[in-house]
Amino acid sequence: MSILVFVESAEGKIKKTSLEAIAYAKEMGGEVTALALGEIATAELEDLGNYGATKVLHAADSKLNDGIIQAYASVIAHAFEQESAEILVLANSSLGTPVSARVALKIEASLVSNVVDLPDTTDGFKVKRSIYTGKAFALVDMGSGKKIIAIKKNAAEVKEIGGKATVEAFSPALDDKDFATQITSIDKATGDVLLPEAEIVVSGGRGLKGPENWGMVEDLASSLGAATGCSKPVSDMDWRPHHEHVGQTGVKVSPQLYIAIGISGAIQHLAGVNSSKYIVVINKDPEAPFFKAADYGIVGDAFEVVPKLTEAIKNAQ
Amino acid sequence: MKILVCITYVPDTTSKIAFTEGDTKFDKSGVQFIIGPYDDYALARAVELKEAHSGTVTVLNVGEAETEPIIRKALAVGADDAIRVNAEPIDSFFVAKQIASVAKEGSYDMILMGRESIDFNGGMVHGMVGELLGLPSVSPVMTLEIEGNKAKMSREIEGGKEYLEVDMPFVAGCQEPIAEWKIPNMRGIMSARTKPLQVVEPVDSDKATVLDKYELPPSKGEIKMIDAENMEELVKLLKNDAKVL
Ligand SMILES: Cc1cc2nc3c(=O)[nH]c(=O)nc-3n(C[C@H](O)[C@H](O)[C@H](O)COP(=O)(O)OP(=O)(O)OC[C@H]3O[C@@H](n4cnc5c(N)ncnc54)[C@H](O)[C@@H]3O)c2cc1C
Ligand SMILES: Nc1ncnc2c1ncn2[C@@H]1O[C@H](COP(=O)(O)O)[C@@H](O)[C@H]1O
């Protein structure tokens with residue numbers, strides 16, 4: 001089975017979510033070809049062999065440095081046809097998801113996003129996807145034709161197996177029509193751990209009273225190497241940037257550990273965190289609904305508890 | 001300026017999700033349905049743009065007769081007319097085909113949608129419609145301004161924002177903070193009753209995927225409470241039991 005994996009990079013490094021996509025394809029028992037777009041160092045691409053890719057197609061044209069949805073879709077469809085691939089695997093992301101929708105029509109494939117587990121092929125080709133913002137799952141049969149699987153974080157475990165992939169230059173003709181959208185600039189929050197990909201997330205809510213009190217949240221986050229998040233009202237009031245807002249209408253996170261500080265646990269917030277492995281809740285109100293969704297709970301004043309927790313973490317390191 | 005806004009009919013964000021008929025049907029009993037929250041952002045921005053640049057806003061839903069109350073609500077917050085494609089929205093490909101077919105008739109300057117529906121969270125339909133119509137598609141869009149024939153947008157990327165420009169017509173999947181949700185006022189509600197709502201039959205389309213069954217996540221285990229004075233214990237548990245540190 002020939003599987004194409006579209007990989008994304010950030011600051012010259014292939015994203016962990018894309019490594020998960022390679023691991024997913026490998027676990028399915030496929031012959032894995034990765035496709036990377038834009039300027040990326042060859043050594044970084046060769047290293048994809050270590051994660052399960054046999055070959056990497058590299059379309060290095062600098063016009064592909066920016067993630068233009070239409071152009072990416074055309075290049076991916078082209079690579080899929082060239083390789084006579086049967087399945088395309090990619091990570092759900094702000095770029096991958098909209099791109100995959102266009103590719104599905106170009107190559108006439110069935111498409112399922114938010115896939116959380118390997119397919120079950122004992123009877124047909126069934127994948128499990130998250131629906132209702134993590135409140136349920138659906139088992140979907142993708143039929144017998146070409147397929148696109150967009151996976152959610154943690155759908156497969158990244159394994160280092162050793163080895164190098166062969167990197168092949170790939171130069172599809174680029175159509176000007178696909179570049180109708182022009183990216184004029186990019187604001188990147190550099191240095192921070194990216195929230196959607198973080199293994200640990202520390203989030204604060206309205207219980208923290210104001211933006212001036214976020215220092216202790218950041219201290220806790222940096223002691224853990226964690227990303228920071230917040231509840232919707234916090235970003236609505238501009239205490240924190242919008243891209244930190246977690247929940248039904250914000251970022252959906254699936255970290256190993258989610259620490260919620262001064263967040264009540266409204267169902268819309270929980271929808272964004274319910275695929276976290278462990279949840280710690282710090283709230284002064286023992287009746288806060290978040291405790292019902294938590295693994296560990298602390299009833300107390302955040303302004304006292306959080307600095308103590310940070311200290312305990314530092315002492316244990 | 002002619003704007004088409006596509007809205008979904010989805011369970012209220014506070015709904016408890018349950019299934020019936022051997023876990024093959026969503027249990028609608030006691031569930032309140034709303035306009036998808038992302039679609040509601042798209043609608044609010046469409047109404048603002050119409051007011052600023054003059055034009056019309058048409059709302060479109062692919063759904064059965066039960067969805068009409070939310071279509072009337074969209075009319076009450078400022079859309080001018082509505083189209084309902086009379087069909088059960090079985091999968092994203094099917095829905096995209098229906099939307100593209102309606103859009104072809106209307107020569108819209110832009111087609112605004114939500115970044116994703118909150119039932120199936122596909123995030124697919126805008127890209128598919130863009131592809132079917134040969135138009136650029138952009139998602140998730142956080143701001144949208146129109147200058148002449150050009151749209152200036154910002155799009156959320158992991159950990160940041162990207163600014164871009166595209167000529168009309170285009171398709172966009174919207175999210176906050178593009179606009180604030182609008183609440184209908186009394187006058188809006190009254191006038192919505194007489195605004196045109198056209199019902200059209202679906203065009204033929206295959207479905208690409210077939211639902212096998214639904215499943216609920218396993219329930220959470222017992223919570224362990226930890227004394228606020230004893231953060232060392234929490235750290236120990238996270239290290240040794242949960243093994244996440
Ligand atoms: C359609 C829709 C979509 C929505 N989407 C989202 C979403 O995506 N994400 C989201 O977060 N919300 C969302 N909301 C809003 C959601 O309903 C809640 O209003 C919001 O999550 C509440 O935020 P909060 O917990 O920070 O604030 P509050 O509900 O005000 O809770 C503050 C908490 O802090 C505690 N507290 C106060 N002082 C302290 C202290 N000193 N120490 C410790 N604890 C303290 C309080 O006990 C309380 O539990 C949505 C709402 C709607 C209608
Ligand atoms: N049945 C439908 N009727 C009208 N618009 C829809 C329908 N389903 C999806 N859409 C639009 O497509 C967007 C993305 O949906 P989805 O791809 O299902 O996540 C939604 O936010 C809507 O704007």
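The values are calculated or read from the model by the stated rules, or taken from the named source; none is laboratory data. Note that this is a predicted model, so its numbers are computed, not measured. Cβ placement follows ideal geometry from the backbone for every residue including glycine, while neighbour counts extend to all protein chains displayed. Heavy atoms of the whole protein, side chains included, go into the accessibility calculation; ligands, DNA and RNA do not. Shrake-Rupley method; radii C 1.70, N 1.55, O 1.52, S 1.80 Å.
In plain terms, if you count all Cα to Cα distances in segment B:1-45 and split them into 10 Å steps from zero, the share in each step is 25, 39, 24, 11, 2 percent.
Spacing of the modelled spin labels on B:ASP204 and A:ASP285, each 7 Å from Cα toward Cβ, amounts to 5.8 nm.
Among A:THR122, A:THR310, the order of accessible area from largest down is A:THR122, A:THR310, computed with a 1.4 Å probe on protein heavy atoms. Residues of segment A:113-145 buried by at least 50 Å² of accessible area upon assembly of all protein chains, compared with the chain on its own (1.4 Å probe): A:TYR132, A:LYS135, A:PHE137, A:LEU139.
Straight-line reach from A:LYS146: which lysines have Cα under 18 Å away, leaving out those fewer than 8 places along the same chain? By straight Cα distance, A:LYS146 reaches A:LYS26, A:LYS106, A:LYS126, A:LYS128, B:LYS207.
Short to long, the 10 Å bins of the Cα pair-distance histogram for segment B:133-243 hold 9, 17, 17, 26, 16, 12, 2 percent of all pairs. Amide H contacts under 5 Å for B:ALA151: B:VAL166, B:ASP167, B:MET168, restricted to partners 5 or more places along the chain or on a different chain, H placed in the peptide plane at 1.01 Å from N. Once the Cα atoms of helix A:69-82 and of chain A are each reduced to a long axis, what angle between those two axes, in degrees from 0 to 90 to the nearest 10, is obtained? It is inclined by approximately 50 degrees. The phi torsions of segment A:258-272, fed into the Karplus equation with coefficients 6.51, -1.76 and 1.60 and a -60° offset, translate into couplings of 10, 10, 9, 10, x, 10, 6, x, 4, 4, 5, 6, 4, 4, x Hz, rounded to whole numbers, with Gly and Pro shown as x. Note down the net charge around A:LYS26, summing +1 for each Lys or Arg and -1 for each Asp or Glu among other residues with Cβ under 14 Å from its Cβ. Summing Lys and Arg as +1 and Asp and Glu as -1 gives -3.
Given a 1.4 Å probe, show me the residues in segment A:163-194 buried by at least 10 Å² of accessible surface when comparing the whole protein assembly to the chain alone. So the qualifying set is A:ALA180, A:THR181, A:GLN182, A:ILE183, A:THR184, A:SER185, A:ILE186, A:ASP187, A:LYS188, A:ALA189, A:LEU194. Helix A:302-316 and the longest principal axis of the C-alpha atoms of chain A enclose an angle of approximately 60°.
Looking at segment A:260-317, which trypsin sites (Lys or Arg not before Pro) are in a loop (DSSP not H, G, I, E or B) and have at most 15 other Cβ atoms within 10 Å?
Within segment A:260-317, the qualifying trypsin sites (Lys or Arg not before Pro) (loop, at most 15 other Cβ atoms within 10 Å) are A:LYS277.
Here the Debye sum runs over all C-alpha atoms of segment A:195-316 as equal scatterers in vacuum, and log10 of I(q)/I(0) at q = 0.18 Å⁻¹ comes out as -0.85. Between A and B, buried accessible area from a 1.4 angstrom probe totals roughly 6800 Å², ignoring ligands, DNA and RNA. Scanning chain B for GluC sites (Glu not before Pro) that sit in a DSSP loop and have at most 12 other Cβ atoms within 10 Å, the longest stretch containing none of them is B:22-221.
Charge tally around A:ILE14: other residues with Cβ under 10 Å, Lys/Arg +1 each, Asp/Glu -1 each, net 0. Here B:LYS150 is the anchor, and the lysines within straight C-alpha reach of less than 21 Å, apart from those fewer than 8 places off in the same chain, are A:LYS177, B:LYS2, B:LYS50, B:LYS104, B:LYS161. Rg and Dmax of chain A, both derived from C-alpha coordinates alone, stand at 21.0, 62 Å. On a per residue basis, chain A carries 38 Å² of accessible surface, using protein heavy atoms and a 1.4 Å probe. With all protein chains in place and a 1.4 Å probe, the accessible surface of the protein assembly as shown carries 48 percent carbon and sulfur. With respect to chain A, whose longest principal axis is taken over its alpha-carbon atoms, helix A:16-27 is tilted by about 50°. Looking at chain B, the accessible area is 44 square angstrom per residue; that uses a 1.4 Å probe and ignores ligands, DNA and RNA. Computed over Cα pairs, the Kirkwood radius of the protein assembly as shown leads via Stokes-Einstein (1.002 mPa s, 20 °C) to a diffusion coefficient of 88 µm² per second. Amide H contacts of A:GLU8 (H built 1.01 Å from N, in plane; Pro and chain starts excluded): A:LYS15, A:SER18 sit under 5 Å, all sequence-distant by 5 or more or on other chains.
All Cα-Cα separations within segment A:2-179 were binned at 5 Å from zero, giving a P(r) of 2, 9, 19, 23, 22, 15, 8, 3, 1, each value a whole percent of the pairs.
Give me the percent of Cα-Cα pairs in chain B that sit more than 21 Å apart, rounded to a whole number. Result for the distance tail: 61 percent.
Electrostatic bookkeeping for A:ILE3 treats Lys and Arg as +1 and Asp and Glu as -1; over the other residues with beta carbon under 15 Å from its beta carbon, the sum is -2. The amide H of A:ILE148, built 1.01 Å from its N in the peptide plane, has A:LEU88, A:SER110, A:LEU111, A:VAL112 as neighbours under 5 Å, considering only residues 5 or more places off or on other chains. Taking the Cα centre of each part, how many Å lie between segment A:180-216 and segment B:171-208? About 32 Å separates the Cα centre of segment A:180-216 from the one of segment B:171-208.
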